[in-house]
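The values are calculated or read from the model by the stated rules, or taken from the named source; none is laboratory data. Keep in mind it's a predicted model, so treat the numbers as computed, not measured. Cβ: placed from backbone, ideal geometry, glycine included. Neighbour counts: every protein chain shown. Calculation scope for accessible area: heavy atoms of the full protein, side chains included, ligands and nucleic acids excluded. Shrake-Rupley method; radii C 1.70, N 1.55, O 1.52, S 1.80 Å.
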Amino acid sequence: MTVETLETAAHPLVTVDVVVPVKDDAALLRRCLRSLRAQHTGPASIIVVDNGSRDRAEVEAIAERYDAVLIDEPMPGIPAANAAGFDHATATVVARLDADCVPPPDWVTRITEAFATDPELAALTGPAVFIDGPRLLRAPLAGLYLGAYRLFVGAALAQVPIFGSNCAIRRATWDQIAETVHREDAELHDDLDVSTHLGLHRRVRYDRSLGMGISMRPFTDAGSLALRMRRGWTTLRVHWPEELPAVRWFHRSRRLRAVLPDATSAPRTVPWRERSRLVRAVRLWRTRRPATFREKVRYKMLRDRRPLIVTFADKAAVRNLVASRIGQHVLPRVYGILDDPRELRDLELPGSYVVKPTHGSGAAIVVSSSAHPDARLPTDAGSWEYRHVRPETVDRDRLVELASGWVSQLYGQGPNREWVYGRVPRRIIVEELLEGPDGGIPDDLKFFVFHGRCRYIQLDAGRFGRRTQDFFLPDWRHLPLSGGPAWADPEPSAPERLDEMIDLAERLAAGTDFVRVDLYDLGDRIVFGELTSYPAGGESPFDPERYNAEFGSWWTVPRRYR
């Protein structure tokens with residue numbers, strides 16, 4: 001049974017060791033270590049691996065000055081030096097760059113957050129730019145060099161290859177492959193070799209925002225570039241015939257068929273227009289100059305492909321992000337995160353709880369004794385709705401059918417609409433039922449955060465009764481705005497901990513241009529609800545309509561999401 005309880009699902013603090021192989025590069029090593037010590041999030045340790053440098057004494061002095069651990073690897077070659085550094089590391093994640101690299105100040109922070117928010121992530125890699133050489137040639141040559149590497153090596157491996165000058169691997173993953181990598185052959189590329197041994201079953205992610213500055217030395221002469229290409233070819237051939245491209249693509253196709261749901265069993269199919277490239281191109285053109293809030297949500301839906309947005313949408317993975325930014329005390333207790341809905345049959349549960357899918361919104365079974373006596377579970381296995389029922393009416397087999405229906409459905413209408421939900425693993429999460437000070441379902445406070453600042457607050461009450469909805473400014477001035485439901489009467493008073501909730505919302509929204517943060521005030525504690533990047537799927541109603549433009553005025557969408 002694959003059941004994650006709160007204790008097993010809680011992600012430990014992520015720490016990062018950085019490995020820097022070096023040989024005869026003392027001057028550049030100094031620049032590299034200086035940039036590592038200027039990181040916003042400091043590494044747990046910096047491990048410099050000297051591979052027989054002629055300037056060994058200078059390397060030792062530089063390592064001591066920047067408080068780095070210096071180890072020696074007498075076996076020649078980057079594969080041996082890199083493996084020695086990884087073996088020596090003790091942090092939960094081991095990052096790797098070269099002595100001639102200059103990471104941006106947020107490099108370690110991005111690595112830490114990526115692994116903290118994705119417990120299944122095995123390896124992370126990113127792009128690079130040249131920081132020396134002719135200025136006009138830096139961008140095109142970097143694009144040519146690294147683009148060709150990703151294209152051709154990715155095709156040969158049937159997966160994302162890691163780039164040795166900018167990568168990080170979970171320490172537990174390294175322990176699993178450490179004895180299989182080819183560390184004794186100096187004529188191999190260590191990153192290509194490690195990429196092969198990571199295999200198709202581990203999650204490897206390319207993050208465009210994980211930048212790195214590198215030297216243009218591969219292009220200093222034709223011989224240097226030819227050597228790199230020869231070593232790349234040699235590294236691939238070492239793993240053949242077992243890892244021939246055709247073999248890897250065959251196994252990848254089998255894995256994809258195994259994890260994708262049977263399309264014939266899904267109650268909802270994706271309309272042609274929501275997966276057509278032509279339709280996507282037309283929508284990209286139409287949304288190129290957004291002005292209103294709805295237009296900017298649609299702009300974001302089509303263009304924002306960052307892993308952070310996937311984490312926001314995943315009700316299981318987002319718990320790790322919240323824990324890392326705020327702390328576990330704001331999370332609802334979780335009774336299980338289930339890969340297979342059938343595990344609901346044997347899951348031990350209290351008298352009150354909530355069952356919902358991890359890959360969408362608007363569907364949940366709320367179980368408590370305060371439900372209406374006549375309320376029952378939906379009869380349609382494809383139902384996607386909220387339902388509040390009493391514990392004695394819950395048939396576990398029926399609950400399994402409903403949950404199976406959820407995981408068979410693609411939420412978000414497809415890649416041309418709410419793309420992000422198609423990237424979230426389809427699982428079931430069972431959480432505690434939150435109760436307000438009066439013992440009922442608590443009011444839902446939704447904070448609209450633009451560029452790290454809360455500008456509006458939406459208050460929804462009476463979800464399973466007479467639903468009301470009110471909008472406020474952060475100072476709790478009521479807005480003459482309707483989003484559909486009636487205003488509450490009398491007008492709700494401000495929560496006692498409003499300032500604290502605004503602060504939490506702004507901290508959770510860091511790193512993105514817009515997100516709506518949903519929180520609950522239970523009196524004795526504030527509890528996280530969800531993060532929503534696409535309110536109402538880009539169709540939010542505004543009455544009067546002028547608020548559509550007013551909400552949008554706080555939001556400056558980037559030309560390109562990074």
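Structure above, values below:
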{"quantity": "Matching residues in the range 507-528 - criterion: being open to solvent by less than 50 Å² (accessible area, probe 1.4 Å), among the charged types (D, E, K, R) and out of contact with any Asp or Glu (no Cβ under 9 Å at 6 or more places or on another chain)", "calculated": "none"}
{"quantity": "D106 vs. criteria open to solvent by 40 Å² or more (accessible area, probe 1.4 Å) and within 26 Å of the chain's Cα centre (by Cα)", "calculated": "yes"}
{"quantity": "Within the range 532-562, tally of residues that are of a type in the set (A, V, I, L, M, F, W, C) and open to solvent by less than 10 Å² (accessible area, probe 1.4 Å)", "calculated": "2"}
{"quantity": "The range 136-145, residues that are hydrophobic (A, V, I, L, M, F, W, C) and either surrounded by fewer than 18 Cβ atoms within 10 Å (Cβ to Cβ) or within 23 Å of the chain's Cα centre (by Cα) (or both)", "calculated": "L136, L137, A139, L141, L144"}
{"quantity": "Positions within the range 339-348 being open to solvent by 10 Å² or more (accessible area, probe 1.4 Å) and over 24 Å from the mean Cα position of the chain (by Cα), in sequence order", "calculated": "R342, E343, R345, D346, L347, E348"}
{"quantity": "Within the range 512-549, tally of residues that are of a type in the set (A, V, I, L, M, F, W, C), modelled with pLDDT under 95 and more than 14 Å from T292 (Cα to Cα)", "calculated": "2"}
{"quantity": "Meets criteria (closer than 30 Å to L498 by Cα, part of a loop (DSSP other than H, G, I, E, B), open to solvent by 20 Å² or more (accessible area, probe 1.4 Å) and in contact (Cβ under 8 Å) with a residue 24 or more places away in the chain) for G351", "calculated": "no"}
{"quantity": "Residue check for S361: buried (at least 19 other Cβ atoms within 10 Å of the Cβ), at pLDDT below 90 and under 18 Å from I441 (Cβ atoms)", "calculated": "yes"}
{"quantity": "Verdict on D460 being of a type outside the set (G, A, S), open to solvent by less than 10 Å² (accessible area, probe 1.4 Å) and within 30 Å of the chain's Cα centre (by Cα)", "calculated": "no"}
{"quantity": "So R396, is it without any contact (Cβ under 8 Å) to a residue 60 or more places away in the chain, open to solvent by 30 Å² or more (accessible area, probe 1.4 Å) and of a type outside the set (V, I, T)", "calculated": "yes"}
{"quantity": "1 or more residues in contact (Cβ under 8 Å) with a residue 60 or more places away in the chain and open to solvent by 60 Å² or more (accessible area, probe 1.4 Å): qualifying helices (runs of 4 or more DSSP H) within the range 277-338", "calculated": "277-286, 293-303, 318-325"}
{"quantity": "Filter result (aliphatic (A, V, I, L, M), crowded, with 21+ Cβ neighbours inside 10 Å and part of a loop (DSSP other than H, G, I, E, B)) within the range 182-214", "calculated": "L188, L210, M212"}
{"quantity": "Selected residue (criterion: farthest from the chain's Cα centre (by Cα)) from residues of the range 544-554 that are farther than 22 Å from D518 by Cβ and of a type outside the set (A, V, I, L, M)", "calculated": "P544"}
{"quantity": "Residues of the range 156-181 satisfying the condition of being within 14 Å of V93 (Cα to Cα), assigned to a strand (DSSP E or B) and open to solvent by 10 Å² or more (accessible area, probe 1.4 Å)", "calculated": "R170"}
{"quantity": "Check on E496, over 19 Å from F472 (Cβ atoms), more than 17 Å from the chain's Cα centre (by Cα) and modelled with pLDDT under 95", "calculated": "no"}
{"quantity": "The range 410-457: number of residues that are touching a residue at least 60 places away in the same chain (Cβ under 8 Å), of a type in the set (G, A, S) and either within 21 Å of V310 (Cβ to Cβ) or crowded, with 22+ Cβ neighbours inside 10 Å (or both)", "calculated": "2"}
{"quantity": "Restricting the range 468-489 to residues that are in contact with a helix residue (DSSP H, G or I) (Cβ under 7 Å, 6 or more places away or on another chain) and without any contact (Cβ under 8 Å) to a residue 40 or more places away in the chain, the residue that is surrounded by the most Cβ atoms within 10 Å (Cβ to Cβ)", "calculated": "P474"}
{"quantity": "Residues located in the range 22-53, provided they are more than 35 Å from the chain's Cα centre (by Cα) and of a type in the set (S, T, N, Q)", "calculated": "N51, S53"}
{"quantity": "Index of the failed condition, S53 passing every other in (1) part of a helix (DSSP H, G or I); (2) in contact with a Lys or Arg (Cβ under 8 Å, 6 or more places away or on another chain)", "calculated": "(1)"}
{"quantity": "Residue that is surrounded by the most Cβ atoms within 10 Å (Cβ to Cβ), among those in the range 364-390 that are among the hydroxyl-bearing types (S, T, Y) and assigned to a loop (DSSP other than H, G, I, E, B)", "calculated": "S368"}
